[in-house]
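Engineer: So that we are looking at the same thing, I have put the structure below in C-alpha cells.
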Amino acid sequence: MERVKCLIIGSGPAGYTAAIYASRAGLKPVLIEGMQPGGQLTTTTEVDNFPGFPQGVDANMLMANCRAQAERFGADIRFGTVTEVDFAKRPFSITVDGNKPFEADSVIIATGASAKYLGLESERKFRGMGVSACATCDGFFYRKKVVAVVGGGDTACEEATYLAGLCRKVYMIVRRNVLRATEAMQKRVMETENIEILWECQTQEVLGDEAGVTGARLVRKSGEVFDIDIDGFFLAIGHHPNSDVFKDWVETDEAGYIKVQAGTSLTNVPGVFAAGDVCDPRYRQAVVAAGSGCKAAMDAEKYLKESL
C-alpha cells in the first residue's frame, strides 16, 4: 500500500492549484485526476474572464498549463478515479479504480460539480459550440444575439436576467406553467423586457450546423412542435456535486455539497479538506475554485505541521 502526505482527489482549477501550493510546500502530493482531467472547464472553449489573459484563453490550454505548473514543482499526477474512502482514522484509506490502495496523512477533495443536462444527443454534439451550462462564463460571446435558457428556478432566472443585460433577446424554456423561483427573482424576470418565457415547453432537439447552434426545436404540452432561432442554448437546471463517495464521512448539505468551516477548506473530519465546486453551490467560477485550492493546500500544510 502506497502512503503519501497529501492526496488530492480531482483536477480542474481547484485540484491543480492545490497541487501547485502543496508541492511548493514540500508535501509531495499525489493528485488523482478523475474521469475528466482538467474538470468541467474543459467542456467549454474559450475562457474570457480568468485574470491575466486579456485576450481570453483556450480552456483546455489553461488547464494543461495549470497541470504542467503543478508537475514543474513535483506534483505526482495520475489518471484514475477514487472508488472508496475510509476516513475513520489516520492515515486515511483511499482506493483508486477499485484495486489501488493509498494511505494518506491528509486529503484534499476537489472533485467539482457536474452540470445537469437534458440528455439529448444534439445537446452533446453542440456542447462548447453554443450549448453551455454557465452564463457567467460564456454569456459575453453572445452580446446582442438571441439565446435560450432552460429552467424555471432561481438559477435559471439569474442566468436569464444576466444574459438579458448582454443579449438582444432571451427565451426562457419552462416545463411548467409557473416559475419555481422566489418571488423576487420572478419579479425581476417579468420586468425585464427582452426576456420571453415559453411556458409548458420542453426541448426536443438543439439545432445547428458546423458553426454551432442555430436554433432549438420545442414541443408544447399541447403537442405542438415549433422551432426558435437562437445563437446560444444555456442549461440552468442545476448541478450535482461529485461528493457521493465521501458522503459517509464528510458532512454535506441537502444538495450534496460538502460543508466547510466558513472562510476555510476544513471539513468536519480533521485532515480532510474540500476545495472548488464540490463545496461551492453559489459561485462555481474557475478563479474562485483556484483560490479555494490554494486555501486547501495551505490548510493541509498547517494541519500536517501541527499533527505530525
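Just so it is clear, none of the values below were taken in a lab; they were calculated from the coordinates. In this text, all values refer to a predicted model and were calculated from it rather than measured experimentally. Cβ sites come from the backbone with ideal geometry, for glycine too, and all protein chains shown count toward neighbours.
Engineer: Please identify the trypsin sites (Lys or Arg not before Pro) of the stretch 178-275 that satisfy two criteria: DSSP loop assignment and at most 10 other Cβ atoms within 10 Å. Which are they?
Structural biologist: Here no trypsin sites (Lys or Arg not before Pro) fit, given the DSSP loop and packing criteria.
Engineer: Moving on to the next point. If I model a spin label as a point 7 Å beyond the Cα along the Cα-Cβ vector, how far apart are those points for Glu103 and Arg176 in nm?
Structural biologist: About 5.2 nm separates the two model spin labels.
Engineer: Once the piece of chain linking Ala68 and Arg124 is laid out straight, how much longer is it, given 0.36 nm per residue of separation minus the C-alpha distance between them?
Structural biologist: 17.3 nm
Engineer: Sticking with this structure for a sec: Where both partners of a DSSP beta bridge lie in the stretch 1-142, what percent of those bridges are antiparallel, to the nearest 5?
Structural biologist: DSSP beta bridges in the stretch 1-142 are roughly 45 percent antiparallel.
Engineer: Nearest 5 is fine: what % of DSSP beta bridges in the chain come out antiparallel, could you say?
Structural biologist: Among the beta bridges of the chain, antiparallel pairing accounts for roughly 50 percent.
Engineer: Have a look at the stretch 117-235 and give its Rg and Dmax from the Cα atoms, expressed in angstrom.
Structural biologist: Expressed in Å, the Cα Rg and Dmax of the stretch 117-235 come to 13.1, 40.
Engineer: Give a residue-ordered list of calculated ³J(HN,Hα) values for the stretch 63-68 (Karplus: 6.51 cos²θ - 1.76 cosθ + 1.60, θ = phi - 60°; whole Hz; x for Gly, Pro).
Structural biologist: Using θ = phi - 60°, the values come out as 5, 5, 5, 5, 4, 5 Hz.
Engineer: Along each principal axis of its Cα atoms, how long is the chain end to end? Whole angstroms, biggest number first, please.
Structural biologist: 64, 38, 34
Engineer: Another question, then. Could you state the number of Å between the C-alpha centres of the stretch 267-296 and the stretch 96-142?
Structural biologist: That distance is 15 Å.
Engineer: So which residue, out of Leu166, Leu62, Leu31, gets the largest mean-square fluctuation from a GNM of the chain using Cα contacts under 10 Å as springs?
Structural biologist: Highest fluctuation among the options: Leu166.
Engineer: Here's a follow-up. So which chymotrypsin sites (Phe, Trp or Tyr not before Pro) in the stretch 1-85 pass both tests, a DSSP loop state and at most 13 other Cβ atoms within 10 Å of the Cβ?
Structural biologist: In loop regions of the stretch 1-85 (DSSP not H, G, I, E or B), the sparsely surrounded chymotrypsin sites (Phe, Trp or Tyr not before Pro) are Phe79.
Engineer: Along the charge dipole of the chain, pointing to its positive end and built from +1/-1 on Cβ of Lys, Arg, Asp and Glu, which listed residue (Pro241, Leu27, Phe50) has its Cα farthest out?
Structural biologist: Farthest towards the positive pole: Leu27.
Engineer: If you don't mind, another one. By what distance, in whole Å, do the Cα atoms of the stretch 41-123 stretch along each of the three principal axes, largest value first?
Structural biologist: Extents along the principal axes: 47, 39, 19 Å.
Engineer: Further question: How high is the FRET efficiency between Ser222 and Asn49 when r is their beta carbon distance and R₀ equals 41 Å, given to the nearest 0.05?
Structural biologist: 0.50
Engineer: Taking the Cα centroid of the stretch 196-255 and of the stretch 1-70, what is the distance between the two, rounded to the nearest whole Å?
Structural biologist: 27 Å
Engineer: How much mean residue ellipticity at 222 nm does the chain get from its helices, if each DSSP H run of length 4 or more adds -39500 (n - 2.57) and you divide by all residues, to the nearest 500 deg cm²/dmol?
Structural biologist: -7500 deg cm²/dmol
Engineer: Continuing with this model, one more query. For the stretch 182-308, give the magnitude of the charge dipole about the Cα centre (Cβ charges: +1 Lys/Arg, -1 Asp/Glu; no others), in debye to the nearest 20.
Structural biologist: 600 debye
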